[in-house]
Amino acid sequence: MAYHVKLEAYEGPLDLLLYLIKKDEVDIWDIPIAQIAGEYLEYINMMKLLDLDVIGEFLVMASTLIKIKSHMLLPQEEAGIEEDIEDPRSELIEQLLEYEMYKERAKTFKELEEAQSKLFTRPPTEIPPSQPIFEASLFDLLTAFRNVLKERAPEIVREIEPFKFTLEEKVDQILKRLEKKDKISFSLLFKECLSKGELIVTFLALLELIKQRRVRIHQPKLFDEIAIYRCPA
C-alpha cells in the first residue's frame, strides 16, 4: 500500500540533510559524512517501513552520500605531491548553502504575508495565542515515531495476529479523542497501541488527518514533544 504524503510544504532530500545537520548540531562546512549518511539511510528505512510514496529522490541523494563517503575513505595522495585535492563534499555543501538561503527568503516572504493577513479578521483557533508555535515537519514526525517504536519495542514482543485496524477507523479514533481534549501529545497518541502494526496504522492515520487539514501539529521549539490539535470545523 503506497501512501501519498504531502504536508503544507514539500520536503525533499536537501530538507532532510539540513534537518539532520541541525539535529546533530554539526558544522555545515565540515559535514561528518559517515554519520549523516547513516542517519539519512535510517530515515529512508523508516519511509519504507511506512510504505510512504515519497522516497524516489531520497534514494538518489542516498547514493550521492555513499559515493562521497567512499571517496573520503580512499587513501590520500602520497606526501610530497603538492596538488590540491578537492573536498568531495564541496558540491553538496554548496547546494545546501544555496538551498538554505532560498528557504530563509521563502520564510521571510511567508512572515510578511502572515503579517499582512492579520490586518483582516480571522476565525478563532483552538491553539492558545500565548503558546509559541512551531510547525513540525515530516522529519520531526518520523523522528518522534522512531522514538515511539524504540520505546515500545520491549512491550511488543510479537504480533499476536494481523492488525485489524483500517486507516479510516484510526482516523475516527483520533478525532474522537480530540473531541474530549484540546490537544494530544504525540507520544500519548500511541500509548494504547498493542502491536507494531497498530502503531504504523495510527501514524498513517495522523498523516492523513494532517493532509486533509483536519488536525495541526506544533512544537514549542525544534525537536520538542509534538502536540496535535484539531482544526476548527
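Every number here is computed from the coordinates shown, using simple stated rules; none is lab data. Predicted model, so just to flag it, every value in this text is computed and none were measured. Quick reminder, even Gly has a Cβ in these numbers, built from the backbone with ideal geometry, and neighbours come from all protein chains shown.
For Met72 and Thr166, compute 0.36 nm times the residue count separating them, minus their Cα-Cα distance, and round to one decimal in nm.
On the way: separation 94, 0.36 × 94 = 33.84 nm, distance 4.65 nm.
Result: 29.2 nm gained on full extension.
Ranked highest first by average number of other Cβ atoms within 10 Å, how do 136-142, 68-74 line up?
On the way: 136-142: 20.1, 68-74: 13.6.
With the highest mean Cβ count within 10 Å placed first, the list reads 136-142, 68-74.
HN-Hα J couplings of segment 205-220 from phi, Karplus 6.51/-1.76/1.60, θ = phi - 60°, integer Hz, Gly and Pro as x?
For segment 205-220, the Karplus-derived couplings read 5, 5, 4, 5, 5, 5, 4, 7, 6, 9, 9, 10, 10, 9, 10, x Hz, x marking Gly and Pro.
Between Asp224 and Asp30, what is the label-point separation in nm under the 7 Å Cα-to-beta-carbon projection?
The answer from the label model is 3.1 nm.
Ser90 to Ser63: FRET efficiency via 1/(1 + (r/R0)^6), r the Cβ-Cβ distance, R0 25 Å, to the nearest 0.05?
0.90
Test of the criteria: in segment 191-233, which trypsin sites (Lys or Arg not before Pro) are in a DSSP loop and have at most 14 other Cβ atoms within 10 angstrom of their Cβ?
Values: sites: Lys191, Lys196, Lys211, Arg213, Arg214, Arg216, Lys221, Arg230; in loops: Lys191, Arg213, Arg214, Lys221.
Taking segment 191-233 and a limit of 14 other Cβ atoms within 10 Å, the loop trypsin sites (Lys or Arg not before Pro) found are Lys191, Arg213, Lys221.
Through the Karplus equation 6.51 cos²θ - 1.76 cosθ + 1.60, θ set to phi - 60°, convert the phi angles of segment 137-144 into ³J(HN,Hα) values in whole Hz; use x for Gly and Pro.
With the stated coefficients, segment 137-144 comes to 9, 4, 6, 4, 5, 5, 4, 5 Hz.
Any chance you could run the full-extension gain for Lys48 through Ser187? It's 0.36 nm times the residue separation minus the Cα-Cα distance, nm to one decimal. Mind dumping the intermediate values first?
Working: separation 139, 0.36 × 139 = 50.04 nm, distance 2.14 nm.
Residue separation times 0.36 nm, minus the Cα-Cα distance, leaves 47.9 nm.
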